[in-house]
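Reviewing the structure listed below.
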Amino acid sequence: MFLLLLSGVLLAWLLGRKLYARYWYRGLSVDIFFQERFIYEGDTSTMKEIVVNDKLLPLPALEIRFSSNRNLEFLNDASANTSSTDRSYKRDVFSFLFHQRIERTLSFTAHRRGYYQIYDVSLTGYDFFFKSGYYADLHPDTILYVYPRQVDTHRIALLCQAISGALISRSRLYPDPFEFSGIREYRKEDPMNHINWKASARTGNLMVNQFDSTTSISLSVLFDMEDRLILKYEDLVEETIRIASSLAGRLIRDRMSFHVVSNGFDAATDAPFSMYLKAGGGKIAQLNQKLACMDSSQVAYSTAELLQREAALNRTEHTYVFISKNREDDLAEAFQALAGTSNHILWVLPIRTADVPSLEPPTLPHVTLFPWEI
């Protein structure tokens with residue numbers, strides 16, 4: 001009897017192994033993805049794990065392992081079975097009956113801007129005897145852009161006023177037909193094509209559309225990512241990127257067109273960063289995607305060369321917003337070349353609070369300094 005029972009157990013074990021070896025992965029689907037395509041630095045978001053065992057064969061245990069960048073920190077229950085070294089490694093275990101779906105939400109915080117993926121997803125399935133593992137690898141197609149954190153541009157209110165004040169000029173002779181600002185009563189000097197007939201019928205008097213005027217100002221935003229000293233100031237470089245992103249968003253809201261230029265690399269083109277933002281063009285998301293992908297440890301050329309390259313364009317009556325932590329004496333000549341005789345440079349200087357007492361305002365003509373303490 002004992003031998004018969006032992007033979008039955010052995011037969012069941014052999015059949016079970018063969019059955020699971022052939023069918024454990026059939027009807028099994030695993031989907032791991034970011035629920036949002038983009039968030040901002042410091043925001044909290046979630047990943048989804050959706051696992052389905054769509055067959056009659058139960059799966060006593062399914063182990064899922066994957067990794068992501070360690071700048072994405074798992075929170076609360078999601079932090080269980082997580083370790084962080086060069087990456088953040090996550091391990092989850094599921095148990096399925098037949099035709100069952102399990103869904104889990106993993107919350108995390110993004111501590112740094114960047115372009116993130118989910119890596120190295122491996123599955124290990126076990127039968128009822130837990131003696132053998134069955135393996136499979138997946139390659140999820142999911143990405144997350146972490147945009148630079150938006151800073152309060154009111155901290156540089158004078159800078160924003162200096163730029164925005166040049167945009168709307170209500171006293172210009174030639175109104176901009178795209179800048180509608182309201183309705184007023186008709187005057188004899190108003191052109192007939194400005195009459196608002198619906199408003200006129202409603203009020204009983206001739207009414208005309210009123211338009212603001214936009215001045216055509218010439219503007220470039222330059223942000224410098226060079227960190228050449230032995231003692232690195234990564235926090236100041238990151239703040240430079242945040243200021244550039246936040247200021248660009250504000251200028252677009254103020255209906256301005258401008259260039260954004262840097263000595264950092266555009267990851268999509270592997271060339272020095274350069275982008276033209278047209279007023280109302282809706283390219284802020286594209287700008288932030290590019291900024292999220294920039295590697296702050298690599299630059300195409302020095303701070304001085306960034307200024308010299310812009311000076312070589314020989315622009316006149318141009319306003320430059322220059323965002324840089326670098327304030328070495330050897331930049332004076334490059335500043336003078338960029339300013340020329342008619343250009344104005346608004347220099348936003350990210351600086352640590354402890355270094356403020358040693359700050360000496362520049363004595364260069366056409367350069368206005370805006371210290372930015374962090």
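Values in this text are rule-based calculations from the coordinates and carry no lab data. The shown structure was predicted, so the numbers you read here are calculated from the model rather than taken from an experiment. We place every Cβ from the backbone using ideal geometry, glycine too, and count neighbours over all the protein chains shown.
For region 298-344, chymotrypsin sites (Phe, Trp or Tyr not before Pro) are listed when DSSP marks them as loop and at most 13 other Cβ atoms sit within 10 Å of their Cβ; the list is Y301.
Here the spin labels are modelled as points 7 Å beyond Cα on the Cα-Cβ line, and at A285 and R255 they lie 2.3 nm apart. In this simple spin-label model, placing a label point 7 Å from the Cα along the Cα-to-Cβ direction at both T105 and E317 gives a separation of 5.6 nm. Note on the chain: helix-only mean residue ellipticity at 222 nm, from DSSP H runs of 4+ residues weighted -39500 (n - 2.57) and normalised by residue number, equals -7000 deg cm²/dmol.
Report the extension gain between H154 and L206 in nm, rounded to one decimal, defined as 0.36 nm multiplied by the number of residues separating them, less their alpha carbon distance.
Details: separation 52, 0.36 × 52 = 18.72 nm, distance 4.14 nm.
Length gained, H154 through L206: 14.6 nm.
How much of the pair distance distribution for region 188-335 lies past 18 Å, counting alpha-carbon pairs only, in percent? It works out to 64 percent of all Cα pairs.
Evaluate the charge dipole of the chain about its Cα centre and quote only its size in Debye, nearest 20, assuming +1 on the Cβ of each Lys and Arg and -1 on the Cβ of each Asp and Glu.
It comes to approximately 1500 debye.
Local charge for G27 was computed over the other residues whose Cβ lies under 15 Å away, with Lys and Arg +1 and Asp and Glu -1, and equals +2.
Remark on region 26-147: Rg and Dmax equal 15.1, 48 Å (Cα only). A Förster radius of 41 Å combined with the Cβ-Cβ distance from Y301 to S79 puts the calculated FRET efficiency at roughly 0.45.
In the chain, the DSSP beta bridges split such that about 70 percent are antiparallel, to the nearest 5.
Length available on full extension from K48 to S95: 0.36 nm per residue minus the Cα-Cα distance, which gives 15.2 nm.
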